[in-house]
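Notes for the one structure printed next.
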């Protein structure tokens, strides 16, 4: 099954909201997960690990480093799953 970006967003929004302690309404595609949220890399990595568990894949270290915005994250997951 191919996931659309909209479906991926519906799946990861609750995960990101819970793990990053932000409102789902704040999750917009232009959101910079590092700069706008001012969270630690560890917290971001933990959120990504929950996404990995959910979709049953692994982020590479280089992909983790290259994903900055929510849009980047959605595009990456869409290519992988």
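The values are calculated or read from the model by the stated rules, or taken from the named source; none is laboratory data. In this text the structure is predicted, and so the values were computed from the model without any measurement. No Cβ is skipped: glycine too gets one built from the backbone with ideal geometry, and neighbour counts run over all protein chains shown.
Below is a table of values for the structure above.
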quantity: Top-ranked residue in the stretch 45-55 [being touching a residue at least 24 places away in the same chain (Cβ under 8 Å) and more than 11 Å from the chain's Cα centre (by Cα); ranked as surrounded by the fewest Cβ atoms within 10 Å (Cβ to Cβ)]; calculated: 54
quantity: Residue 65 in contact with a strand residue (DSSP E or B) (Cβ under 8 Å, 6 or more places away or on another chain) and modelled with pLDDT of 95 or more; calculated: no
quantity: Counted residues, the stretch 28-44 - those being surrounded by fewer than 16 Cβ atoms within 10 Å (Cβ to Cβ) and assigned to a helix (DSSP H, G or I); calculated: 3
quantity: Residue check for residue 72: on the phi < 0 side of the Ramachandran plot and part of a loop (DSSP other than H, G, I, E, B); calculated: no
